[in-house]
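Before any comments, here is the structure.
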Amino acid sequence: MKKSAADAPVPGALSHIRVLDLSRVLAGPWASQTLGDLGAEVIKVERPGRGDDTRLWGPPFLKDREGADTRDSAYYLCANRNKKSVAIDFTTAAGQALVRDLARRCDVLIENFKVGSLAQYGLDHASLLALNPRLVYCSITGFGQTGPYAERAGYDFLMQGMGGLMSITGRADGEEGAGPVKVGVALTDILTGLYASTAILAALQSRDLSGVGQHIDLALLDVQVACLANQGMNHLYGGQPRRMGNAHPNTVPYQDFPTADGHMILAIGNDGQFASFCRAVGQAGWASDARFATNADRIANRVALIALMREVTVTRGTAEWIALFERVGVPCGPINTIADVFEDPQVKARGTQIRMAHPVAGEIPLVASPLRLSQTPVQYRRAPPTLGQDTREVLGDLMGLSAQQIGDLTNQGVIA
């Protein structure tokens, strides 16, 4: 049956935007994947023969149709869908010329090289904005383009430590297993990628009005400090942020509790919810007890209240408690493993796992974008590419190079 025009995919919100992605690892690729999910054409420039560092960050690795490991890790797959891979060695003069020519044709460039290192290749923001004044050039570094640490390399783990996150993550001093702990994913990188995509969209909007692009200076450390959120403000207003395990510094009770067969989370955010909890567990008097009546009272008497609550929560199993609390409007939930997450009925109903065709593996699972746009929905157009998968397509179709020119560049080792 012939498809009508109404059946054709709706263009993505950013289908008119082309992104040149010189970034590696996570923060930059997360930003460019977000733009790609929203419809942008993303051209990922990688080193011939090696590519993005995370391609080798395994196991686990993607397996081919015969079940053998490929050279692409699961880590790489998490941040590189909806992109074309072009393998160019821009340490060579010919490679630099190719990247500059690509930059002329792009709206956005994302890079995460050390401060000043791209200038030697003529690929720094000043050089490329001179070639393409409409370019939005986003630099992601550990510490930013200025300041005493600007030339240092920066990694997520360092930023979680230097930016204060680890000082408030982990068991409290004096408890067994106490000490600073990093978050289980590279959260500073992820947040930086999200800030980068937001800044890029703002700069594109500004360009629509002014006709001029700009340079975005984004630092992992800046992002981590900004994302201390209430804990940063607690410090500025006289509080003493510290490690508290799963407890919350500003509201009680808001933490994990033992049950008869495991653990659960109670996330009680106001006095009304606390009163509902008290009635549900047969302890209505707690809500009017002077020690616990308000959130400020509960914070002051945290230790006593949590001890009383734990005596109650261990009397029933997790599922029984959750069913009860859901009926009376008390926020609660289990502590799922990642395997549990992907079996959760809500997660399944939201389509959070997708599958995409892959040129080597056949079909692969991926985690969906959380973005839900009613008029311009996210489209999954391209699985994470193999290294250099699109070199010839991009250089030929977009840049107009002949087969002879592409062959010569390949023989010279400039492209792969």
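The values are calculated or read from the model by the stated rules, or taken from the named source; none is laboratory data. Here the structure is a predicted model, which is why all the values come from computation and not from measurement. When we count neighbours, we look across all protein chains shown, and the Cβ atoms used for this are built from the backbone with ideal geometry, even at glycine. Protein only, heavy atoms only, side chains kept; ligands, DNA and RNA dropped before computing areas. Shrake-Rupley method; radii C 1.70, N 1.55, O 1.52, S 1.80 Å.
Could you give the DSSP H helices of the chain that reach 24 angstrom or more along their long axis (alpha carbon positions) and whose average Kyte-Doolittle hydropathy is no lower than 0.5?
Once both thresholds are applied, what remains is 187-210.
Where does the charge balance sit around Gly147 when Lys and Arg score +1, Asp and Glu -1, over other residues with C-beta under 12 Å from its C-beta?
-2
In nm, give the distance between the simple-model label positions of Glu175 and Val341, each being 7 Å from the Cα along the Cα-to-Cβ direction.
Here the modelled spin labels are 2.1 nm apart.
Near the amide H of Asp52, under 5 Å away, which other amide H atoms are found, from residues 5 or more places off or on another chain, if H is placed in the peptide plane?
Arg47
Would you please classify the overall shape of the stretch 1-118 from the alpha carbon gyration tensor, given that a ≥ b ≥ c denote the square roots of the eigenvalues, rounded means a/c under 1.5, and beyond that prolate means a/b larger than b/c while oblate covers the rest?
Verdict is oblate for the stretch 1-118.
Run through the stretch 48-96 and list the trypsin sites (Lys or Arg not before Pro) located in a DSSP loop whose Cβ has at most 16 other Cβ atoms within 10 Å.
Answer by residue number: Arg50, Arg65.
Would you please put 166-178, 33-45, 93-105, 293-305 in order of how densely packed they are, using the mean number of other Cβ atoms within 10 angstrom per residue and starting with the highest?
Descending packing order for the listed peptides: 33-45, 93-105, 293-305, 166-178.
If you work out semi-axes √(5λ) of the Cα gyration tensor in Å from the coordinates, which of (i) 47, 26, 20; (ii) 40, 31, 19; (iii) 32, 25, 22 do you get?
(i)
Of Ala284, Pro345, Tyr76, which is farthest along the charge dipole of the chain in the positive direction, counting Lys and Arg as +1 and Asp and Glu as -1 at C-beta?
Going by the charge dipole, the pick is Pro345.
Excluding Met166 itself, calculate the net charge of residues whose Cβ lies under 13 Å from the Cβ of Met166, where each Lys or Arg counts +1 and each Asp or Glu counts -1.
Once positives and negatives cancel, what remains is +3.
Which chymotrypsin sites (Phe, Trp or Tyr not before Pro) in the stretch 230-300 sit in a loop by DSSP (not H, G, I, E or B) and have at most 12 other Cβ atoms within 10 Å of their own Cβ?
Tyr237
Which of the aspartates and glutamates could be linked to Lys348 by a straight reach, that is with a Cα gap under 13 Å, when you skip same-chain ones fewer than 8 residues away?
Partners within reach: Asp340.
Using 7 Å Cα-to-Cβ label points, what is the Ser167/Asp289 separation (nm, one decimal)?
3.4
Over 22 Å between Cα atoms, which of Lys44/Lys114; Lys114/Lys182; Lys63/Lys83 qualify?
Lys114/Lys182
Can you list the aspartates and glutamates whose alpha carbon sits under 14 Å from that of Lys84, skipping same-chain ones fewer than 8 residues off?
Those aspartates and glutamates meeting the cut-off are Asp21, Asp37, Glu41, Glu46, Asp52, Asp390, Glu393, Asp397.
Enumerate the calculated ³J(HN,Hα) couplings along the stretch 334-341 in order (Karplus 6.51 cos²θ - 1.76 cosθ + 1.60, θ = phi - 60°), each rounded to whole Hz, writing x wherever the residue is Gly or Pro.
Listing the rounded values in order: x, 9, 7, 6, 5, 4, 4, 4 Hz.
Using a probe radius of 1.4 Å on heavy atoms only, what accessible surface per residue do you get for the chain? Whole Å² is fine.
On a per-residue basis, the chain sits at 49 Å².
Of all accessible surface on the chain at a 1.4 Å probe, what whole percent is carbon and sulfur?
Heavy-atom surface of the chain belonging to carbon and sulfur, 1.4 Å probe: 55 percent.
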